[in-house]
Amino acid sequence: MGEATNVTEVPLPQGGTVAVKPGDFRTEEMLLNIGPQHPSTHGVLRVVVRTDGEIILDSQVHIGYLHRCFEKVVENVTWTQVTPYTDRMDYLASMYNNLGYSLAVEKLGDVEVPERASYIRIIIGELQRIASHLMSVGTYGLDVGAITAFLYCFRDREITLRIFEEVCGQRLNYNYIRPGGVSGDLTDEMLKKIDDFIDYFLPKIDEIDNLLSMNGIFIYRTAGVGILPLDLALDYGCTGPVLRGSGLARDLRKDEPYGLYEQFDFDVITGKGEKGQLGDCWDRYMIRVREMRESCKIIKQALAKIPEGKFIEPKLLKNVKVKKGESYLKVENPRGELGYYIVSDGKKGPYRCSVRAPSFCNIAVLPEISRGCMVADMVVIIGSIDIVMGEVDR
Amino acid sequence: MTSEEILKRLQDQFGEAILGTDDSSLNLTVKVASETLLEISRFCRDDSSLSFDLLSLVSGVDWTDRIESVIHLDSTAHKHHLVLKVDCDHESPRCPSVVEIWNAADWHERETYDMFGIIYEGHPNLVRILCAEDWEGYPLRKDYLMPDEYHGIPNDFQQAGKRPQKYNPRG
Amino acid sequence: MIFGGTMLSNGLVFARYSLAEWIQGLLGDRLEMIPEWILFPLLMLAGCLVIIGFITVFALFAIWMERKVSAHMQCRLGPMEVGFHGALQTIADGVKLLGKEDIVPRHADKLLHYLAPIIVFAGVFPLFVVVPFSEKILISDINLGLFFVAAVGAVEVVGVIMAGWASNNKWSLFGAMRAATQLVSYEIPLGLAFLTIILLAGSFSMVDIIHQQEGWLSNWFLFHNPFMPIIFLSFFTASLAECKRAPFDLPEAESELVSGFHTEYSGMKFSIFFLAEYAAMYVVCAIAAVMFLGGWSTGIKPLEAWLADSAGNPMREVLSNTVHLVVIVTKSMFLVFVQMWLRWTLPRIRLDQIMHVCLKVLLPWTMVAMVATSAIELCWPGGNMVLTALTIVIWSIPLLWTLKAILDMTVGIFLKFVPSGR
């Protein structure tokens with residue numbers, strides 16, 4: 001031998017370094033692309049991961065594969081023509097995108113919304129929340145490897161989609177909630193159907209709990225993984241179930257009620273870290289399951305006291321007069337706080353319409369909470385944040 | 001805190017650095033000079049009566065003569081909002097980055113840079129986020145013209161009407 | 001009988017070629033003009049063909065069954081178009097896979113990429129040599145049967161690692177490394193379970209193990225003493241890992257590793273991996289049936305005695321073999337069904353967790369159970385009725401609970417009308 005041993009310092013995943021001499025057992029780091037085409041990135045997210053074996057040392061998120069220039073497009077259309085474009089952002093919760101935009105325009109344009117329309121918005125919105133959470137919970141099961149839960153969720157989501165189809169003729173991109181009201185009325189028959197669905201659905205949530213949430217392996221996989229402390233969540237602007245999973249009871253429906261939410265009685269679900277640590281994947285997941293029950297509660301109350309009346313001023317379907325100015329309004333989307341920043345120069349359409357997409361803010365925290373996890377955990381963490389790439393990339 | 005109280009608190013603290021408010025906005029909007037933005041932001045976050053702990057959105061607006069960088073702040077404790085606006089030069093817009101105060105600003109500032117070309121000084125990784133890395137121009141500026149082609153992909157929007165009849169993906 | 005009682009000796013391994021002997025015996029004197037050295041390999045070949053036929057048919061059936069089981073568990077119907085309730089769907093898919101282009105990645109190691117599926121299949125196929133179907137329908141009763149299973153069964157992983165390495169794909173490599181890690185973990189409880197059975201039976205031979213369990217149902221090794229069900233559960237869990245089934249399907253983990261080690265395989269090579277997986281499922285279940293559930297024994301003593309009394313009665317012999325065949329296949333298929341049931345219920349476990357489960361949970365429990373079983377075997381050689389009764393009493397609660405779950409799933413569906421909401 002005779003050579004001078006050149007010792008290199010190799011960083012350890014848990015922090016610190018270890019001295020490695022030539023001839024020692026040496027590990028190499030590997031760059032791994034998770035996505036843009038990967039079964040568990042929920043679309044076209046790309047995460048470049050630096051791994052040591054299966055342990056993630058660092059990761060970097062790349063987005064933009066689904067960028068469709070929403071903000072540029074809507075500068076060239078009228079106020080009412082914007083709603084179909086908002087549908088295409090968060091395509092799993094289109095109703096909420098419509099709602100957020102409509103509320104922002106109504107606030108700036110001083111548009112009166114009929115009371116019946118407000119109730120319809122709440123019923124449909126909460127139904128949309130159930131549908132979105134079902135999707136999230138189901139695909140989360142898929143990420144963890146439990147395929148059956150996914151199909152159970154889709155079975156129930158199908159019913160909500162059929163209701164939406166009956167209400168507005170579309171299954172995914174509804175263009176239903178418009179500035180000034182909604183585009184069609186809910187007949188008594190539909191209200192009955194929604195009521196039946198809630199009665200049918202409440203026991204089904206227990207089924208999901210039995211099959212997935214309380215499953216030993218599922219808890220084993222998700223509890224204590226991807227822990228997001230509250231200060232980090234706030235620092236990164238996480239909202240919705242991700243923030244509530246870290247233990248802060250912030251829900252815009254309670255904190256800054258829009259629509260008529262102040263009249264309804266429901267609980268804000270927060271994570272308690274009952275299976276692992278506060279702010280882990282299981283907490284974030286469980287919030288969605290429990291929120292579905294709260295949504296059912298809200299729908300029941302709304303169905304009981306929905307008034308008769310108009311659902312929109314017909315002339316508002318053509319266009320809305322909006323005075324010069326700007327407004328920023330946030331609604332509690334199933335994924336977090338969806339904000340619309342609208343600037344008007346008094347003309348027919350928006351001068352500038354900027355969107356605060358909840359998934360966009362939530363996914364930014366991924367590198368922080370996935371450090372030191374395994375590749376299999378990465379999938380679990382991405383799933384627990386519940387992103388929709390249509391919204392991240394807009 | 002109501003809007004007036006927030007404004008008063010800020011004016012008491014910073015005086016002349018608060019350039020004014022924007023009356024056309026429905027939310028409390030405070031215009032600040034770019035030199036004082038960091039100081040004011042830090043105060044907004046750390047002051048217990050303000051405690052704007054959640055950065056909601058960083059965005060931009062192109063007013064053709066100037067570009068505004070807009071920061072929307074929320075307080076989870078006091079449930080009030082604040083909008084901070086910084087005017088930037090239209091030719092070479094520059095603005096201090098608030099990433100060191102709220103990490104949430106990271107991606108939002110990258111997006112605003114991507115769309116408006118505002119250089120956020122002090123940002124750790126100011127690269128394009130939604131557009132491709134080699135995209136030219138800043139799409140959300142009002143004087144933006146879409147390039148005729150991008151890596152051989154023709155711009156159909158401008159060539160509407162003279163699109164080739166047969167689409168041949170290989171040729 | 002030309003080679004009645006032939007024992008081929010190869011060092012320590014003695015084997016009895018039952019199937020070949022039986023066919024030869026049934027055909028009797030008509031084959032006497034054919035010399036033994038030609039006839040014997042021919043008969044062995046015939047036996048192998050029967051087994052290949054069985055694997056193929058079983059795989060076709062098992063894939064169809066898997067689809068149907070999963071579909072009905074998931075409120076779906078599964079394949080319905082091709083044949084009766086989609087019975088021919090797998091054949092249609094097989095034909096489709098045959099016609100598919102065989103893609104080899106440009107920078108793949110071509111030779112290894114080509115060899116890997118063959119080695120995986122070669123790791124499973126020889127196991128059928130010792131898997132018994134009945135007293136006579138058995139290619140070879142090697143006197144080191146279980147040892148053979150443990151040794152040859154691990155070869156499959158070599159193929160998996162080759163496939164993952166040769167594909168030149170990071171995801172495949174992850175799959176391969178996971179397969180290797182998994183092997184190190186599950187082989188130990190698996191081996192201990194083998195050891196316990198060998199200790200009880202006093203033999204490695206599959207046939208001997210089954211003969212030890214003949215008579216009443218209480219003679220099954222599962223009920224030998226209160227510790228045996230622990231060994232059984234541990235063996236079954238480890239065998240799930242052995243054939244890479246959920247919740248231990250880490251090497252393929254479709255949601256994490258795209259498709260793991262066979263990401264870069266298409267067409268027939270892919271279907272060989274598939275075939276090997278289903279063949280391995282049957283093998284481990286049949287071995288579990290042999291080791292714990294009495295193999296082909298019906299568990300009814302008079303029936304067994306009547307079937308065994310076939311001296312000079314060839315029809316009785318054929319009947320006995322048929323009954324035994326049906327019994328062992330039924331037992332194995334039930335275990336295969338449980339494997340499917342678990343797969344469609346449980347989420348996937350993580351790599352470090354599988355090591356934790358196998359090395360820190362299964363291993364100590366199996367170890368304790370093995371030591372306890374040895375002590376019991378020392379005190380009461382050949383078993384004890386009191387202990388058997390105790391076993392049944394202690395384990396009846398989980399057993400009844402399992403039975404209730406099965407009833408809920410099968411009969412319950414008809415009893416409980418689920419509103420479809422349509």
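The values are calculated or read from the model by the stated rules, or taken from the named source; none is laboratory data. The structure presented is a predicted model; accordingly, all values stated were derived computationally and were not measured. Cβ coordinates were reconstructed from backbone atoms using ideal geometry, including for glycine residues, and neighbour counts include every protein chain displayed. These accessible areas exclude ligands, DNA and RNA; they are computed on the full protein's heavy atoms, side chains included. Shrake-Rupley method; radii C 1.70, N 1.55, O 1.52, S 1.80 Å.
The mean number of partner chain beta-carbon atoms within 10 angstrom of a residue's beta-carbon across peptide A:106-119 is 0.
Which parts of region B:61-95, residue by residue, lose 30 Å² or more of accessible area when the rest of the protein chains are there, as against the chain isolated (1.4 Å probe)? So the qualifying set is B:61, B:63, B:72, B:74, B:76, B:79, B:81.
Counting only protein heavy atoms and using a 1.4 Å probe, the accessible area of residue A:200 comes to about 30 Å². Taking only the alpha carbons of chain A, we obtain Rg and Dmax values of 23.0, 94 Å in that order. Extension gain for the segment residue B:24 to residue B:11, taken as residue separation times 0.36 nm less the Cα-Cα distance, is 2.7 nm to one decimal.
Chains A and C together bury some 2900 Å² of accessible area, summed over both sides, with a 1.4 Å probe. Once the Cβ-Cβ distance of residue A:199 and residue A:112 is raised to the sixth power relative to R0 = 41 Å, the FRET efficiency obtained is 0.75. Would you be so kind as to identify all helices of chain A, as entire DSSP H runs, whose Cα atoms reach 15 Å or more along the helix's own axis and whose mean Kyte-Doolittle hydropathy is at least 1.6? Those that clear 15 Å and a mean of 1.6 are A:375-385.
Each Cα pair of region B:1-132 feeds into the Kirkwood radius, which the Stokes-Einstein equation turns, at 10 °C and 1.306 mPa s, into a diffusion coefficient of 107 µm²/s. The label point for residue B:143 and the one for residue A:33, both projected 7 Å from the Cα toward the Cβ, are 3.8 nm apart. Against the criterion of solvent-accessible heavy-atom surface with a 1.4 angstrom probe, C:348, B:128 sort, most first, into B:128, C:348. How many percent of Cα pairs in region A:301-394 exceed 23 Å? When all Cα pairs of region A:301-394 are counted, 53 percent exceed 23 Å.
On C-alpha positions alone, give me the angle between the axis of helix B:3-14 and the longest principal axis of chain B, in degrees, nearest 10. That works out to roughly 80 degrees.
Counted over all Cα-Cα pairs of region A:107-204, pairs farther apart than 24 Å make up 30 percent. Rg and Dmax of region A:28-73, based on Cα coordinates, read 13.3, 46 Å.
Normalised by residue count, region A:184-315 yields a Cα convex hull volume of 134 Å³ per residue. With protein chains left intact and a 1.4 Å probe, residues in chain A average 35 Å² of accessible area per residue. Among the aspartates and glutamates, select those whose C-alpha is under 16 Å from the C-alpha of residue C:269, and discard any that sit fewer than 8 residues away in the same chain. Hits, sequence-local ones excluded: C:93, C:101, C:102, C:109, C:156, C:252, C:277. Taking all protein chains into account, the per residue accessible area for region C:210-271 stands at 26 Å² (1.4 Å probe).
For the chain pair A and B, buried accessible area totals roughly 3500 Å², probe 1.4 Å, rounded to the nearest 100.
Ranking A:174, A:65, B:113 by solvent-accessible area of protein heavy atoms (1.4 Å probe, all protein chains present), from largest to smallest, gives A:65, B:113, A:174. Give the lysines whose C-alpha is closer than 27 Å to that of residue C:301, dropping any in the same chain fewer than 8 places away, or say none. Correct list for residue C:301: C:136, C:331. For chain C, the relative contact order is 20 percent, taking Cα pairs closer than 8 Å that sit 6 or more residues apart in sequence and dividing their mean separation by the residue count.
A full extension of the chain between residue C:318 and residue C:118 corresponds to an added length of 68.5 nm, given 0.36 nm per residue minus the alpha carbon distance.
When all protein chains stay in place and ligands, DNA and RNA are ignored, the 1.4 Å accessible-area order of C:408, B:148, A:87, largest first, is B:148, C:408, A:87. The coefficient of translational diffusion for the protein assembly as shown, derived via Stokes-Einstein from the alpha carbon Kirkwood radius under 10 °C and 1.306 mPa s, stands at 49 µm²/s.
Relative to the longest principal axis of the Cα atoms of chain B, the long axis of helix B:37-46 makes an angle of roughly 60 degrees. Surface calculation, 1.4 Å probe, protein heavy atoms: residue C:237 sits at approximately 40 Å² accessible. The residues of region B:3-131 have, on average, 37 Å² of accessible surface per residue, using a 1.4 Å probe with all protein chains present.
Take residue A:72: with every protein chain present and a 1.4 Å probe, its accessible area is about 50 Å². Site pair residue B:119 and residue B:2 shows an inter-label distance of 4.4 nm when each label is modelled 7 Å from Cα along Cα→Cβ.
The alpha carbon centroids of region A:253-280 and region C:261-310 are separated by 52 Å. Taking amide H positions as modeled 1.01 Å from N, with prolines and chain starts lacking one, the residues under 5 Å from residue A:352 and 5 or more places away or on another chain are A:343. Working note: Cα gyration tensor of region C:221-267, eigenvalues times five, square-rooted, sorted largest first, giving semi-axes of 33, 9, 5 Å. Taking only alpha carbon atoms, region C:41-152 gives an Rg to Rh ratio of 1.06, where Rh is the Kirkwood radius. Among the protein heavy atoms of region B:3-131, carbon and sulfur supply 44% of the accessible surface, probe 1.4 Å, non-protein parts ignored.
Residue pairs exceeding 25 angstrom between C-alpha atoms, taken from A:204/C:68; A:72/A:318; A:204/A:275; A:254/B:85; A:254/A:321; A:323/B:142: A:254/B:85; A:254/A:321.
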